[in-house]
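Notes for the one structure printed next.
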Amino acid sequence: MYDPLHDKSPGCDEKYPDSYWADVAGIPPKHEGQLDRDIEVDVAIVGAGYTGLSCALHLAREHGIKATVLEANQTAWGASGRNGGFVLKSSGRKPYATMQKQWGEEVMRGIYHEMCEGVDTVKSLIDEGIDCEQQDPGYIRVAHKPSMFKALVSAAKLQQKMFGYDVQILSRQDLHQQYMADQNAHGAIRYQDGFGINPLKLAWGYQRLARQEGVKIHCATPVENWYEQGQNEKTLQVLHTPNGIVKAKKVVIATNGYTPNGFHGLVKNRTLPVLSQIIVTQPLSPQQLEACNFLTSNVIMDTRALKYYYRKLPDNRILFGGRGAITGKGAEDPYFSKRLLKVLKTNFPALQNIKYDYTWSGWLSMALDDLPHIYQNEQQNVFYSMGYCGAGVSFSVQAGKRLAQKVAGQDTPNIPLYQKALPKFPFAPFRRVGQWGFFQYGKVKDTWL
Ligand SMILES: Cc1cc2nc3c(=O)[nH]c(=O)nc-3n(C[C@H](O)[C@H](O)[C@H](O)COP(=O)(O)OP(=O)(O)OC[C@H]3O[C@@H](n4cnc5c(N)ncnc54)[C@H](O)[C@@H]3O)c2cc1C
């Protein structure tokens, strides 16, 4: 599998992985095909995931700029077409209490506001007619041990107090009776918003909307080489693709966890690509559903340092996800999907005989400070947004909207997400050693501490 820390390119015209989403999504919408000539454009966007598509859509709608999107493989071939489909009011991994301590209440509220806008924007785009199998609202955080239930309850109380956020507290019994009988759950909290979708259909919907606004999308068009030509206002970014050269006044890097090794100095050593793995089981029979009392189609995540997440899909299959291999080379090892199945069975012992029909993995991008950053170079002609830390389905759309403002020369809110670069990883060549260390610590913490 493509490994962003080693490979120079994610490939050219690679097919979608054998995921459940690709199997059920139907026929992909049209795009402009591979770029087959040299072109000059105002704005080129590299990567056709949620970030790139949202940036293109908002540039066209709100700033009258019709961008050209260059995608190495297929629309949403990266994380946007492979994720768990949890639309959540969050991104990054930094708790609000830490933000408040570090930057004060106003900044913390500013960040919360951006997360809320992300979900609102996703909903309003879906309302324009995107069929993405949206499920009933509700996001359940399950405490995997009693001490974590206390921590969840205090986090919920802070959010209720600070933001008036509607958070329900559920004892183990409430959870088992009203939602599902997860045997590893020691209570939970439930947010009323947050919902599940088919992520690939969502991306295809964005693509349709963007093309209706005049955006050009070239798939099978990897940017393989990049240099600058000219000086000052006349500077052009020159992007080499297999069958055409793109000269652009401005370029947006929207490649997140799929950013190839050495792609551009602006993002070098600023993220850590991490694999997340998903399995999708056979459809559960009515007896199996009853035995687990699996009533809910809310999206569910636990409190482990090495988190597991799951949801019931519209056809009664269970999607179950967690960490994957450390390197691209190890990604296809069945060990990782078997491990997920084993944990699923400890949550729901009634599913002892269940098998999985699909498994795949994808790269997410971790940031050293646990926050996404939307930033640019000094000349204001190269921009990026990345570092969603595995929570980007909704916020990447907000990030795309803010990127569009930056490209159009407008100000963005004065919060660290938009005003500071992603911090560099110290000892960057050893990032994966650090990741391995974190996994070992996580295992100990989740079991013993
Ligand atoms: C398994 C998994 C589960 C997840 N589950 C959730 C979830 O349930 N909820 C949630 O909020 N978040 C989730 N995430 C995270 C979320 O999917 C991402 O944050 C989000 O999709 C990032 O979108 P993006 O457009 O920035 O990047 P991507 O969707 O990764 O798109 C980047 C694109 O750039 C292209 N590209 C790279 N290099 C080049 C190049 N040189 N030339 C041209 N194109 C290039 C790639 O081919 C790729 O298509 C999950 C991620 C994974 C991997």
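None of the figures in this text is laboratory data; all of them are computed from the coordinates on show. Quick caveat: nothing in here was measured; it's all calculated off a predicted structure. Backbone-built Cβ (ideal geometry, glycine too); neighbour counts: all protein chains shown.
With springs connecting C-alpha atoms under 10 Å apart, model the chain as a Gaussian network and identify which of Pro413, Pro222, Pro273 has the largest mean-square fluctuation. Residue with maximal mean-square fluctuation among Pro413, Pro222, Pro273: Pro413. Relative to the Cα centre, the charge distribution of segment 20-424, modelled as +1 at Lys and Arg Cβ and -1 at Asp and Glu Cβ, gives a dipole magnitude of about 1140 debye. Once C-alpha pairs closer than 8 Å and six or more residues apart are averaged by separation and normalised to the residue number of the chain, the relative contact order reads 25 percent.
Compared with the dominant Cα axis of the chain, that is its longest principal axis, helix 431-448 is turned about 20°. Which links in Lys247/Lys329; Lys268/Lys406; Lys94/Lys249; Lys15/Lys345; Lys89/Lys249; Lys123/Lys312 stretch past 26 Å when you go from one Cα to the other? Over 26 Å apart, Cα to Cα: Lys247/Lys329; Lys94/Lys249; Lys15/Lys345; Lys89/Lys249. DSSP beta bridges fully contained in segment 20-424 are about 70 percent antiparallel.
Counting alpha carbon pairs within less than 8 Å and at least 6 residues apart, what relative contact order, in whole percent, applies to segment 4-128?
Numbers: 94 pairs, mean separation 29.1, N = 125.
Once divided by the residue count of segment 4-128, the mean separation gives 23 percent.
Think of it as helices only: each DSSP H run of n ≥ 4 in the chain is worth -39500 (n - 2.57), and spread over all residues that comes to -10000 deg cm²/dmol at 222 nm. Annotation: the residues Lys157, Lys145, Lys101, sorted from fewest to most other C-beta atoms within 10 Å of their own C-beta, follow the order Lys101, Lys157, Lys145. What area, in nm² and to one decimal, does the C-alpha convex hull of segment 20-424 cast on average over all directions? Quarter of the Cα hull surface area: 19.0 nm². Both radii are taken from the alpha-carbon atoms of segment 175-242; with Rh as the Kirkwood radius, Rg/Rh is 1.32. Our note on the geometry: Cα centres of segment 273-351 and segment 177-218, 16 Å apart.
Considering only Ile326, Ile253, Ile27, the Gaussian network model of the chain with Cα springs below 10 Å gives its largest mean-square fluctuation to Ile27.
Loop-located GluC sites (Glu not before Pro) in segment 93-140 (DSSP state other than H, G, I, E, B) with a sparse environment of at most 12 neighbouring Cβ atoms within 10 Å: Glu128.
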